[in-house]
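*Asks:* One structure is given below, represented as structure tokens, and several questions about it will come after.
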Amino acid sequence: MPEFGRFYQRYADIYSFLVAFLNWKADDTAPATKAKVAKAFKSKPFKGGSSYRHFYQDLVANLARQERLGLQEIQYASPGHFDVQGREDAFEDVQGVIRWFMDHRPDIQKKSSHLKAYLSKAGLLRMAGSSFLPDDPRANFIKTTAEELNASMHGPDFATIKELSQDNALVAAKIVLSFYRRVDDASQFFSQGRVNFSD
């Protein structure tokens, strides 16, 4: 159960993150829903682990009733299965991201390590996003490197990540890294054969 809970939490984080982007980009999304998405991105300092926990908690809390993940059934007997209810297009996106990650893990991990090492060496991992100035000479490099990592993961549109991050290069990079960590963690359950998608 603890292992299942860990996997389900990671899956829920990835799912809610991708739903937020689907809602943000959809023309028929209610303004109030878009406002909640924007608030989740701009109300966190992105400094320390609690910022990211609260960020994903907000994204989960923002889901409309018909979008929320619902655990319908669990069967523990080997091989076991569980059924989850939610948005079909988001499920497809999550599956696509995880399958892509498993097929391209070495390149993705290399790009992630490069970005994280740069931010760490520059003392930026512990800096609040609001403290990073728009005219910082490192901004372009951080944006480019974060965009490359995001593209290597087949993550959501990076232009939208920048928009929701209020064009803050450091915040955008930290969000991409947080998404990477969750996809990496969830994908290991699949790589190790503990979880698989049903056909």
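The values are calculated or read from the model by the stated rules, or taken from the named source; none is laboratory data. Since we're looking at a predicted model, the values are computed, not measured. Cβ placement follows ideal geometry from the backbone for every residue including glycine, while neighbour counts extend to all protein chains displayed. For accessibility, only protein heavy atoms count, side chains too; no ligands or nucleic acids. Shrake-Rupley method; radii C 1.70, N 1.55, O 1.52, S 1.80 Å.
*Asks:* Once you have a ≥ b ≥ c as the square roots of the Cα gyration tensor eigenvalues for the stretch 1-48, tell me rounded if a/c is under 1.5, and otherwise prolate or oblate according to whether a/b is larger than b/c.
*Replies:* Numbers: a/c = 3.54, a/b = 1.60, b/c = 2.22.
It is oblate, given that a/c is not under 1.5 and a/b is not larger than b/c.
*Asks:* Right, here's the next one. Using a 1.4 angstrom probe on the protein heavy atoms only, line up Trp24, Trp100 by accessible area, largest first.
*Replies:* Trp100, Trp24
*Asks:* Take the chain, drop everything but the C-alpha atoms, weight them equally and run the Debye formula without solvent; then report log10 I(q)/I(0) at 0.10, 0.11, 0.14, 0.17 Å⁻¹ to two decimals.
*Replies:* -0.42, -0.51, -0.82, -1.19
*Asks:* Around Gln85, which amide H atoms from residues at least 5 apart in sequence, or from another chain, sit under 5 Å from its own amide H, with H modelled in the peptide plane?
*Replies:* Excluding prolines and chain starts, which carry no amide H, the hits are Gly70, Leu71, Gln72.
*Asks:* Working from Cα positions, state the angle (0 to 90°, nearest 10) between the long axis of helix 139-152 and the longest principal axis of the chain.
*Replies:* It is inclined by approximately 20 degrees.
*Asks:* Now a separate question. Find the relative contact order for the stretch 91-198 and round it to a whole percent, using C-alpha pairs within less than 8 Å whose residues are 6+ positions apart.
*Replies:* That works out to 37 percent.
*Asks:* Over 21 Å between Cα atoms, which of Lys42/Lys174; Lys110/Lys174; Lys42/Lys162; Lys42/Lys110; Lys143/Lys174 qualify? Present the calculation step by step, with values, prior to reporting the outcome.
*Replies:* On the way: Lys42/Lys174 13 Å; Lys110/Lys174 16 Å; Lys42/Lys162 11 Å; Lys42/Lys110 28 Å; Lys143/Lys174 10 Å.
Result: Lys42/Lys110 exceed 21 Å.
*Asks:* If you don't mind, there's one more thing I want to ask. Mind listing which trypsin sites (Lys or Arg not before Pro) in the stretch 80-142 are in a DSSP loop and have 12 or fewer other Cβ atoms within 10 Å? Walk me through the numbers on the way to the answer.
*Replies:* Numbers: sites: Arg87, Arg99, Lys110, Lys111, Lys116, Lys121, Arg126, Arg138; in loops: Arg87, Arg126, Arg138.
Answer in residue order: Arg126.
*Asks:* Also, quick follow-up: Would you list, by chain and number, the aspartates and glutamates whose Cα falls below 14 Å from the Cα of Lys39, excluding same-chain residues fewer than 8 positions away?
*Replies:* Asp58, Glu163
*Asks:* Would you give the gap between the C-alpha center of the stretch 22-40 and the C-alpha center of the stretch 152-180, rounded to a whole Å?
*Replies:* Between the Cα centre of the stretch 22-40 and that of the stretch 152-180, the gap is 17 Å.
*Asks:* Separate question: Explain nothing, just compute: Karplus ³J(HN,Hα) = 6.51 cos²θ - 1.76 cosθ + 1.60, θ = phi - 60°, for every residue of the stretch 182-196 in order, whole Hz, x for Gly and Pro.
*Replies:* Karplus-based 3J(HN,Hα) across the stretch 182-196 equals 6, 5, 4, 5, 5, 5, 5, 5, 6, 4, 7, x, 7, 9, 8 Hz.
*Asks:* With the dipole of the stretch 101-199 worked out from charges on the C-beta (+1 for Lys and Arg, -1 for Asp and Glu) around the Cα centre, which of Phe132, Ser120, Thr160 lies farthest toward the positive end?
*Replies:* Checking the options against the dipole of the stretch 101-199, the answer is Ser120.
*Asks:* Give me the distance between the Cα centres of the stretch 3-17 and the stretch 84-138, rounded to whole Å.
*Replies:* 16
*Asks:* By accessible area of protein heavy atoms, probe 1.4 Å, what ranking do Ser198, Ser178, Ser43 get, highest first? Walk me through the numbers on the way to the answer.
*Replies:* Working: Ser198 105, Ser178 0, Ser43 60 Å².
Largest accessible area first, the list is Ser198, Ser43, Ser178.
*Asks:* Here's something else I'd like to know. Pairs of Cα atoms under 8 Å, at least six residues apart: use those to get the relative contact order of the chain, whole percent.
*Replies:* Values: 187 pairs, mean separation 51.9, N = 199.
After rounding, I find 26 percent.
*Asks:* Taking the Cα centre of the stretch 99-199 as the origin, how large is its charge dipole in debye, to the nearest 20, when only Lys and Arg (+1) and Asp and Glu (-1) carry charge on their Cβ atoms?
*Replies:* On the way: 14 positive and 12 negative charges, 91 e Å.
It comes to approximately 440 debye.
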